[in-house]
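To start, the structure itself, in structure tokens.
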Amino acid sequence: MRQAQVRLAREQVNRREQVENARLKQLVADLTLDKAMLQDVLAGIMEARRNTSLSSHRDRGGRYRAVRRAGDHSSAFTAGGEKPELQ
């Protein structure tokens, strides 16, 4: 009788572990899918930003050209895109 109770208890523990493992596997699968979907959305957002950023830079054309000199930590802007003499 005692052995039957021990066997039954072990079977119950094993079954609970199987159920918990199945639940955890499903949770990992759901989170993996969520991550993949979010990465796709983020890639789309970044692509849209890149396209918007590139087109806005093209709209400005060569009207102003940023020039950075050695040792200068700020940008100096020149009209018409001429290159200033380097010092």
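Going residue by residue through the range 25-38, is there one that turns out to be modelled with pLDDT of 95 or more and either outside any helix (DSSP H, G or I) or of a type in the set (S, T, N, Q) (or both)? Yes, the range 25-38 has at least one match. List the pairs whose first member sits in the range 37-51 and is at positive phi, whose second member is exposed (fewer than 10 other Cβ atoms within 10 Å of the Cβ), and whose Cβ atoms are under 9 Å apart, counting only residues at least 6 apart or on separate chains? Within 9 Å, no pair qualifies.
The values are calculated or read from the model by the stated rules, or taken from the named source; none is laboratory data. It should be emphasised that the depicted structure is a prediction, and the values quoted were computed from it without experimental measurement. Note that each Cβ is placed from the backbone with ideal geometry, even for glycine, and that neighbours are counted across all protein chains shown.
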